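Some notes on the structure that comes next.
The values are calculated or read from the model by the stated rules, or taken from the named source; none is laboratory data. Here the structure is a predicted model, which is why all the values come from computation and not from measurement. So basically every Cβ, Gly included, is an ideal-geometry build from the backbone, and we count neighbours across all protein chains shown. Protein only, heavy atoms only, side chains kept; ligands, DNA and RNA dropped before computing areas. Shrake-Rupley method; radii C 1.70, N 1.55, O 1.52, S 1.80 Å.
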Amino acid sequence: MLRIPQALRLLHINLVLLKHGLDEVVVSIPPLRPLGFLVRLAPWNWVKRDLPAYPVRVRLALEELGPIFIKFGQLLSTRVDLLPPELAEELAKLQDRVPPFPGPAARGLIEKAWGRPVEDVLDAFDETPLASASVAQVHTAQLKDGREIIVKVLRPGIDKVIRRDVELMFIFAGLAQRYWPDGRRLRPVEVVREYEKTILDELNLQREAANASQLRRNFKHSQDLYIPEVYWDWTRTNVMVMERIYGTPVSRVDELKAQGISMRRLGTRGVEIFFTQVFRDNFFHADMHPGNIFVEPSGRYISVDFGIVGTLTKEDQRYLAENLLAFFRRDYRRVAELHLESGWVPPGTRVEEFESAIRTVCEPIFEKPIAEISFGNFLVNLFQTARRFDMEIQPQLVLLEKTLIHIEGLGRQLYPQLDLWTTAKPFMERWMREQIGLKQLIQRTMHNWPTLAEELPDVPVALLRIVDHLERQATVAPDGVAADLKAIRRHIGDNNRRLLATFGALGLAGFASALLLFGEPWNDLPWLLPAVAGAMLLMSLALFWRGLFAAER
C-alpha cells in the first residue's frame, strides 16, 4: 500500500514522463494497457509536438526527477547488457549538478556533529561550497595547526528523499520483472537492490572515510596514485574531514600538456592503477570519472570521492582474469567454457554455439588497428550476443564494468592511441603466474598454517572416537565383525601416523622454501642460510620416508 508521500511522488513522476512525451512508458505495463486510449485522447496529444529523440527525452525526464534518478540513470548507462547502445550513450551524459544548500545550514550541521562551535576547531571556514552534488557538498577550511582541509557534509533530509525514491524504484522493478519479457533474465529487482546498497553507503561518510584510508594504505609510497589523508578526530557519520589536495583536473588535457606531463604515461598509468586495485588489492575505486581525478605536476594521479568502492569474490576474480586472458589470446572456446563453469550462462548452453557467437563478435574487433579497438564497444556487442543465450546479469560485476569503461574513456581522452589490451595483458599474465606459482603456494600455506596446526592434532582423536563408537555397536555383532573393526582401528592408527609425518614433512619443506625465497643472508656467514634450509629439506625427506613406509603394528 502506497503512503501519501509516495503516492504524490508517483503522481509527479508520471506527470514528468507525460511532459517529456514518454506516455508509452506509462501504458507499457500490461495492467495499464487498457488505459492507453485515454493517453491518446489526452489534450497534449491533440497537436503533434516537436519532441527530441527517445533517448534524449529519457535523459531530460531523469534530470527533472532529481538527483536520485540521475544517479540511477548514470548506473544504467553502464549496463550495456540492459539498454540499447544509443540510450546507454545518452544516459552517460547525465550530470550530477545540484544547486548547493546554504552555507550557514552546512555550518549548523557541522557544529551539531562536532558538539562545539566551528571556531573551536578551525581557524577558517568558507561557507561558499567548493563543490556540490546530490548527496553532499564540500567546503574548504583550515585547522588550528595550519593544515588545509576540506569538510564534506551531507545534505539535510537527503536520507528520507533517497529512501522514498528507492522504494518507488523497487515497485517499478517488480513490475518490470513480472511483465517484461527479459525481466527474469535481467533481474531488475537485483539491479535496484545493488543501487540501493550503493546509494545508502554514500549516506555514511565514516564508511567513505574508511574506504579512503584503505586505498591510502594500499598505495602508500606509490608514485602512481596519491590518496588524501582522513582526519578521524573530526569525521562523523554525516561529516568527513580530509586533507585538501591541489592538482590539475584530469579533463584539462591542454593544461597537463603545458606542464610537460607525458600523456602516454598518464594513460597507461591509469589502466595499471585500475588493474592493481582489482587484482592485487581486490579493492577498487568504483567512481573514477574525470571529476574525481586530479594530476600532480609530477604526473602522479590524485583521487577523491570514495563513496563507491568495489570488491570481487576470489572465484569471480579468477574467472574474470581467465576470461580477459582468453580474450587477449583469442581463445574463444575457453571464454565459452568459463562462462559455463562460472554459471553466467545456463548449464544446457552448447559450448560450440556460444564459442561461435563470441568469435563472430570478437574477430572483427581484433582485425582493426590497435588504436581503434574500444573495450566499451566490445562489451556492448558481447552482451548483446550473450542475451541470445540467456546470460544472467552478475550484479557484483556492475561496478567493475562501469569503472573499466570509465578508465578506458579517460585513457583515450588523454592518449587516443592507448591500447588497453596491450597494457593489461602483461599485468594479467603476471598476476595469473603469481596465483598458481610456488611463491603463492608457500604464502597460502603459511597463511593457513595456524588453522592447520590447530585442527590437525584433533583429526586422529576424532577418527579414534568414530572407531570406538563402532566397536561399542559391534558388541552385539559376531566375533568376525569385531575382528574386522579392530583391523580397521589398527589401519587408522597407522594412517594417522603417516598423515602426521607427511604434514610435518610438508611443514619443514615449506619453511625451508620460505627461507630460500624470502630469507636475508647473513653478511658474516653467507653460507648459513642455505645450509639451514638444506638441513630442513633433508629432515623433511627423512620424515616423509619414515611415514610412508612405516610398518604396520
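Solvent-accessible surface of the stretch 217-330, taken per residue with a 1.4 Å probe and all protein chains present: 43 Å². The share of accessible area on the stretch 120-183 that comes from carbon and sulfur is 52 percent, using a 1.4 angstrom probe. Rounded to the nearest 0.05, what FRET efficiency do residue 246 and residue 314 have when you use their Cβ-Cβ distance and R0 = 35 Å? Computed FRET efficiency for residue 246 and residue 314: 0.35.
Here the label points at residue 224 and residue 159, each 7 Å from Cα along the C-beta direction, are separated by 3.9 nm in the simple model.
Net charge in the neighbourhood of residue 415 (other residues with Cβ under 9 Å of its Cβ; Lys, Arg +1, Asp, Glu -1) is +3.
Accessible-area rank, largest first, for 425, 220: 220, 425, with all protein chains present and a 1.4 angstrom probe.
The apolar share of the surface of the stretch 277-328, taken as the fraction of accessible area on carbon and sulfur atoms (1.4 Å probe, ligands and nucleic acids excluded), comes to 55 percent.
Pairs from the list 71/425; 71/197; 19/197; 152/257; 19/160; 160/197 with a Cα-Cα gap above 22 Å: 71/425; 19/197; 152/257; 19/160. Dividing the C-alpha radius of gyration of the stretch 121-209 by 2.2 N^0.38 Å, with N its residue count, gives 1.56.
Shown in residue order for the stretch 51-62 are the 3J(HN,Hα) couplings computed by the Karplus curve 6.51 cos²θ - 1.76 cosθ + 1.60 at θ = phi - 60°: 9, x, 4, 3, x, 5, 5, 4, 4, 5, 5, 5 Hz (x for Gly and Pro). Multiplying the residue separation of residue 433 and residue 341 by 0.36 nm and subtracting their alpha-carbon distance yields 31.0 nm. The modelled label-to-label distance for the pair residue 330/residue 167, using points 7 Å beyond Cα in the direction of Cβ, is 5.6 nm. For 246, 226, 332, the ranking by accessible surface with the largest value first comes to 246, 226, 332, using a 1.4 Å probe.
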